[in-house]
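Asks: Take a look at the following structure, please.
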Number of protein chains: 2
Amino acid sequence: MKTTEEAHYLTENIYKNLSSKFNPLTKQVLVNAKSYHKALLATSSAARGYIESIGKLGHDCKTHASSGTEEIGQSIYRVAEAYKEIQIKFEECTKAIFTEVILPLEQKLDTELKACVAEQRKYHQGHKEVTGPYTKAVAALEKFKKKNQSKGIFDAEKEAP
Amino acid sequence: MKTTEEAHYLTENIYKNLSSKFNPLTKQVLVNAKSYHKALLATSSAARGYIESIGKLGHDCKTHASSGTEEIGQSIYRVAEAYKEIQIKFEECTKAIFTEVILPLEQKLDTELKACVAEQRKYHQGHKEVTGPYTKAVAALEKFKKKNQSKGIFDAEKEAP
């Protein structure tokens, strides 16, 4: 019976670990991923404003300036263009965090958490069903042993005189 | 005098362009750079939270899990480590925007704006001083011409009969 108890202890531990550690930690990852994604979106919006203002400055220098300055304007404009390309990559990464991390994690957690609780309940019930008769038998045996022992002493006492 | 007037027109235009276009646009770049920087800082903070939660999950899987799972934990932990390195670069870029864009632009704008206004005032005053006597002389000449003309007509009328 000892190995069965050990197996039960290990199984219990796995469920405990899942519900008290793994699931809350995974939830925390999801919560943090969401706030990270939100911050990235805000950054994207701010970056677009920043790049646009640089582009406007460059465009204005290019068109309204006199000799020499239009070259500086052209360079500023090119900086803005380079920024735009980087920004597109940045926004792709932001989207990826949503589609590759947040969405699957949310769906997974939603189903897994429920399944985990259900599995744990199912296991407990099964364990009870299996060990119930055995525990009963052990208790009955103990009772019987005690009864026999006291009867034995009584018989011995009876036989003694 | 036409070339002088043209030069004056061009100079005026440069000052006008500076005060009505270049300076406000540069100011806009500074304002947008500041809000971009603020958003980047917020993103950094959110990213740190996100990375930390992934690291915790990985660490927990590595230490509390049974066979097989610790390898997944190790991988998750490594993902967090890679994220950390990227985050360090990201924070360096954020710092660079502050030290390479915001600070110099702020100092430059502060001194340049004042200098631009002072220069414009100085130019206007100088221009007035130079053109004042000429404008007066032109007005006096016109007056003299008119006087002479009316006198001439009067004399002609006088001589006519």
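Where a number appears in this text, it was derived from the coordinates with a stated rule and is not lab data. Just so we're clear, the structure is a prediction, and the values are computed from it rather than from any experiment. Cβ: placed from backbone, ideal geometry, glycine included. Neighbour counts: every protein chain shown.
Asks: From the label point of residue B:103, set 7 Å along Cα to the beta carbon, how far off in nm is each other copy's matching point, shortest first?
Replies: Label point to label point, same position, other copies: 4.3 nm.
Asks: On a 0 to 90° scale, report how tilted helix A:23-64 is relative to the longest principal axis of chain A, with both axes built from alpha carbons and the result rounded to the nearest 10.
Replies: Once rounded, one gets 0 degrees.
Asks: Binning at 10 Å from 0, report for chain B what percent of all alpha-carbon pair distances ends up in each bin.
Replies: P(r) over chain B, rounded to whole percents: 9, 18, 14, 13, 11, 9, 8, 6, 5, 3, 2, 1, 1, 0.
Asks: Let me spell out the model: positive unit charges on the Cβ of Lys and Arg, negative unit charges on the Cβ of Asp and Glu, origin at the Cα centre of chain B. What dipole size does that give, in debye rounded to 20?
Replies: So the magnitude is around 940 debye.
Asks: If I take R0 = 22 Å and measure r between the Cβ atoms of residue B:84 and residue A:27 in this structure, what FRET efficiency does the formula 1/(1 + (r/R0)^6) give, to the nearest 0.05?
Replies: Values: r = 21 Å, r/R0 = 0.98.
E between residue B:84 and residue A:27, to the nearest 0.05, is 0.55.
Asks: Helix-only mean residue ellipticity at 222 nm, chain B, DSSP H runs n ≥ 4 weighted -39,500 (n - 2.57), per residue, nearest 500. What is it?
Replies: Helix-only estimate at 222 nm: -32500 deg cm²/dmol.
Asks: For chain B, find the longest principal axis of its Cα atoms and tell me its angle to the long axis of helix B:69-96, 0 to 90°, nearest 10.
Replies: Approximately 20 degrees, to the nearest ten.
Asks: Treat every Asp and Glu Cβ in the protein assembly as shown as -1 and every Lys and Arg Cβ as +1, leave all other atoms uncharged, and give the resulting dipole magnitude about the Cα centre to the nearest 20 debye.
Replies: 900 debye
Asks: Here is a further query. Ignore the peptide's own chain and count Cβ atoms of other chains within 10 Å of each Cβ in A:52-60; give me the average, rounded. Walk me through the intermediate numbers first.
Replies: Details: counts 3, 10, 7, 1, 4, 8, 2, 1, 6.
Average per residue, whole number: 5.
Asks: To continue, here is another question. Given R₀ = 51 Å, FRET efficiency for residue B:52-residue A:64 by Cβ-Cβ distance, to 0.05?
Replies: With a Förster radius of 51 Å, E is 0.55.
Asks: So, one more: Where the label is 7 Å out from Cα toward Cβ, how close does residue A:137 come to the same position in every other copy, in nm, shortest first?
Replies: In nanometres, ordered from closest: 13.1.
Asks: Could you calculate the contour length gain from residue B:145 to residue B:91, that is, 0.36 nm times the residue separation minus the distance between their Cα atoms, to one decimal place in nm?
Replies: Separation in residues times 0.36 nm, less the Cα-Cα distance, equals 11.8 nm.
Asks: Put a dot 7 Å past each Cα toward the Cβ at residue A:119 and residue A:131; how far apart are the dots in nm?
Replies: Each label point lies 7 Å from its Cα, and together they span 2.0 nm.
Asks: Can you tell me what the convex hull of the Cα atoms of the protein assembly as shown projects to on average, as an area in nm²? All intermediate terms of the calculation are to be shown ahead of the outcome.
Replies: Values: hull surface 131.3 nm².
The number I arrive at for the protein assembly as shown is 32.8 nm².
Asks: Percent relative contact order of region A:1-148, based on C-alpha pairs within less than 8 angstrom and at least six residues apart?
Replies: 26 percent
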